[in-house]
Amino acid sequence: MTQNQIIDRDYAGEGIYRENIIDHYKSPRNFGILENSDAEYMEFNPLCGDEATMQIKIKDNLIKDIKFKGKGCAISMASCSILTEKIKGKSLNEVKKLEKEQVYEMLSIPISPQRVKCALLSWETLRRLIKIYENKNG
Amino acid sequence: MQLHQSYKMELDVEKIRKDFPILARLLNKKQLIYFDSAATSQCPRIVIDSIKGFYEKHNANIHRGIHKLAEESTLMYEEAHQKVADFINADFEEIIFTKNTTEALNLLAYSLLNDLKENDEIILSQMEHHSNIVPWQQLAKLKKVKINYVKVTEEGKLNLIHLKSLINEKTRIVSITHVSNLLGTINPVKEISEIAHEKNIIFIVDAAQSIPHMKVDVKDIDADFLVFSGHKMCAPTGIGVLYGKKVLLEKISPFLYGGDMIKEVTFENTRFNDLPWKFEAGTPPIAEGIALGVAVDYLNSIGMENIEEYEDKLTQYLYKKLKEQKDVKIYGPEKRSSLVSFNLYEIHPHDVATILDSEGIAIRAGHMCAMPLVKEVLNESAVCRISLYFYNTKEEIDKFILALDKVRKVFGK
């Protein structure tokens with residue numbers, strides 16, 4: 001990228017705070033604690049201090065239940081809420097194939113380079129959570 | 001561009017702003033309001049020109065060539081050391097150029113901890129930047145040296161009674177920041193220096209956040225070592241300073257080895273160079289060093305007392321305006337250096353910063369590289385920080401206060 005391209009790039013600004021994002025931030029879905037979860041993982045974003053803990057319950061290779069708890073900016077918390085909502089009921093194999101780009105699509109807001117870590121906190125947590133589950137259950 | 005005439009005066013900020021090309025920039029189609037000078041300050045044209053001028057006219061390695069260009073670059077680079085020395089009332093031999101404050105502190109940690117014994121102790125404070133914690137912490141583990149942290153009071157000041165209580169016959173080093181990069185607290189370094197020296201303890205001052213904003217005199221403070229960065233005081237990145245008392249610099253061993261720091265090398269042994277070159281191994285950032293000298297000229301031309309006085313008024317104005325906001329929580333004492341950290345409602349600092357950015361206002365959000373202070377002392381996960389410099393204005397502060405309404409609106413508060 002040349003300097004001018006960097007400066008002239010379309011800027012999303014406060015446009016990332018769409019109604020849907022604020023709604024998920026203020027009333028997060030799947031927020032709380034799962035009793036008897038099958039696996040649990042806490043991820044931390046040292047850049048801004050955001051943190052998310054996710055817990056899952058798996059049955060017959062399906063995500064039977066998922067909950068998260070955390071502290072962070074609107075983007076990272078809305079992303080946890082939206083992602084957990086989307087994957088509930090899906091198969092483990094499907095969820096494992098989930099790419100970063102699909103998370104961006106779910107959020108449907110333009111993510112600037114500085115906010116990538118916020119947007120993907122949910123995805124990183126989920127990825128590691130599933131690894132932990134698989135290690136535990138062979 | 002001419003340098004300004006320094007005498008006791010009100011700053012002509014409109015004129016000063018024209019010295020900084022970047023301040024004319026638009027940010028997200030709005031006039032840039034730069035409130036992040038504690039992270040890095042902007043460069044005046046005279047500094048930018050000096051870098052360009054060096055590469056166009058004088059570029060050569062220093063202390064090596066016999067040719068004219070090498071003579072010029074060596075002279076210019078050495079002159080920059082002298083300018084920095086004069087700026088803080090030190091001698092030429094006492095000024096070592098480093099990459100930044102962090103490197104200077106690493107140099108000290110490596111060189112000083114070398115001489116420490118198991119169970120010796122060093123004292124830092126809870127309000128240190130990571131750069132004045134991590135080097136000590138990591139090396140202390142290897143040497144089995146204990147670190148004690150001076151507590152921060154409710155108000156955000158250093159607890160000097162606690163500091164005194166931490167000192168014992170095993171204490172070897174006290175390393176404290178002059179100004180907190182998060183709380184804005186101006187620490188009484190002269191008093192701390194006396195406390196430390198009473199017990200023959202080495203006293204190190206992290207002056208990264210004070211040097212750009214106030215007159216700092218190493219002899220007046222009686223600091224054994226004092227460190228700072230160029231890029232927070234109108235110079236480019238890649239250049240920092242370690243000041244050390246000559247007797248101490250002669251005693252401690254170098255941190256980096258290589259070219260230029262030697263006098264004589266055989267296959268078995270090396271005799272180190274004289275001060276300050278003993279600590280400047282390899283080809284240094286020559287253009288950046290020279291540019292730091294130019295930045296010092298620039299600051300002198302405005303006058304550090306004038307800068308301090310102007311910024312003090314500006315900071316008090318910002319503090320007062322923020323204090324009037326019922327939903328704003330401010331961290332640190334009222335009497336402070338040129339920065340204010342705060343939180344707005346329950347809105348995350350990253351969200352505040354993103355919305356302000358869309359208004360052209362550049363602020364810092366996060367833990368300010370002082371994670372233990374934010375998490376363990378303030379019990380927050382992050383804060384917003386406005387940091388001012390002498391090129392900022394009251395009008396910019398007013399615009400920022402108005403922009404907070406936009407943040408509230410987005411979050412429906």
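Couple of notes before you dig in:
- Candidate set from the stretch B:117-162 (those that are of a type in the set (A, V, I, L, M) and assigned to a helix (DSSP H, G or I)); member that is surrounded by the fewest Cβ atoms within 10 Å (Cβ to Cβ): B:LEU142
- Pairs linking a residue in the stretch B:282-310 that is under 20 Å from B:LYS52 (Cα atoms) to a residue that is among the charged types (D, E, K, R) and surrounded by fewer than 22 Cβ atoms within 10 Å (Cβ to Cβ), with Cβ atoms under 6 Å and 6 or more positions apart or on different chains, are B:GLY293/B:LYS83; B:VAL296/B:LYS83.
- Test: residue in the stretch B:28-40 that is at pLDDT below 95, out of contact with any Lys or Arg (no Cβ under 6 Å at 6 or more places or on another chain) and assigned to a loop (DSSP other than H, G, I, E, B): yes
- Strands (runs of 3 or more DSSP E) enclosed by the stretch B:302-413 - at least 1 residues per element that are within 14 Å of another protein chain (Cβ to nearest Cβ) and crowded, with 16+ Cβ neighbours inside 10 Å: B:339-344, B:364-366, B:383-387
- Any hit, the stretch B:35-44, residues being closer than 30 Å to B:GLY258 by Cβ and touching a residue at least 60 places away in the same chain (Cβ under 8 Å): yes
- The stretch B:321-339 - residue that is over 13 Å from B:ILE401 (Cα atoms) and aliphatic (A, V, I, L, M) and, of those, nearest to the chain's Cα centre (by Cα): B:LEU339
- Flag if B:LEU402 is hydrophobic (A, V, I, L, M, F, W, C) and closer than 30 Å to B:ILE96 by Cβ: no
- Total residues in the stretch A:92-126, condition free of Cβ contacts under 8 Å to residues at least 24 places away in the same chain and closer than 23 Å to A:ALA39 by Cα: 4
- Options A:SER112, A:SER81: the member that is of a type in the set (Ser, Thr, Tyr) and either more than 21 Å from B:ALA382 (Cβ to Cβ) or under 11 Å from the mean Cα position of the chain (by Cα) (or both): A:SER81
- None of B:ASP206, B:ASP260 is under 16 Å from the mean Cα position of the chain (by Cα) and of a type in the set (Asp, Glu) except B:ASP206.
- Single residue of the stretch A:29-80 satisfying the filter (open to solvent by 80 Å² or more (accessible area, probe 1.4 Å), of a type outside the set (Lys, Arg) and more than 15 Å from B:PRO349 (Cα to Cα)) that is farthest from the other protein chains (Cβ to nearest Cβ): A:ASP60
- For B:GLY65, the conditions (1) touching a His at 6+ places or on another chain (Cβ under 6 Å); (2) surrounded by fewer than 17 Cβ atoms within 10 Å (Cβ to Cβ) are fulfilled apart from (1).
- Entry remark, the stretch B:54-67: residues being closer than 16 Å to B:GLU79 by Cβ and in a helix (DSSP H, G or I) number 3 in total.
The values are calculated or read from the model by the stated rules, or taken from the named source; none is laboratory data. Since the structure is predicted, the reported quantities are computational estimates derived from the model, not experimental observations. Glycine gets a Cβ as well: all are built from the backbone with ideal geometry, and neighbour counts include every protein chain shown. Calculation scope for accessible area: heavy atoms of the full protein, side chains included, ligands and nucleic acids excluded. Shrake-Rupley method; radii C 1.70, N 1.55, O 1.52, S 1.80 Å.
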